[in-house]
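The values are calculated or read from the model by the stated rules, or taken from the named source; none is laboratory data. Since this is a predicted model, take the numbers as computed values, not measurements. Surface accessibility is based on the protein's heavy atoms, side chains included, excluding ligands, DNA and RNA. Shrake-Rupley method; radii C 1.70, N 1.55, O 1.52, S 1.80 Å.
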Amino acid sequence: MTNAEIREFKRFVKDTLVREYSMNEVEAYRAVQNSYLSEALRRDKNYVEHDTVQEWDELIYNEINETELMRM
């Protein structure tokens, strides 16, 4: 994936988090930036093509919830 394609993919993921999981724009942006998605893209720019936007959304949402539970 090119850098432009990566930005677009991350935007799709962010927009879906907002729509499907009722996150606000800032929360969704931070979730994407701090998620395994960003780490995976740094390692291999083509890695994310194996999963859909919806699968990444679910993974990121679960990451957030697990992190919040661990803080309690």
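Probing with 1.4 Å while keeping every protein chain in the model, the per residue accessible area of the chain equals 71 Å².
Rg over Rh for the stretch 3-72 works out to 0.96, using Cα positions for both radii and the Kirkwood form for Rh.
What a 1.4 Å probe finds exposed on the stretch 1-64 is 46% carbon and sulfur by accessible area, rounded to a whole percent. Stretched out straight at 0.36 nm per residue, the stretch from residue 50 to residue 63 would grow longer than its current Cα-Cα span by 2.8 nm.
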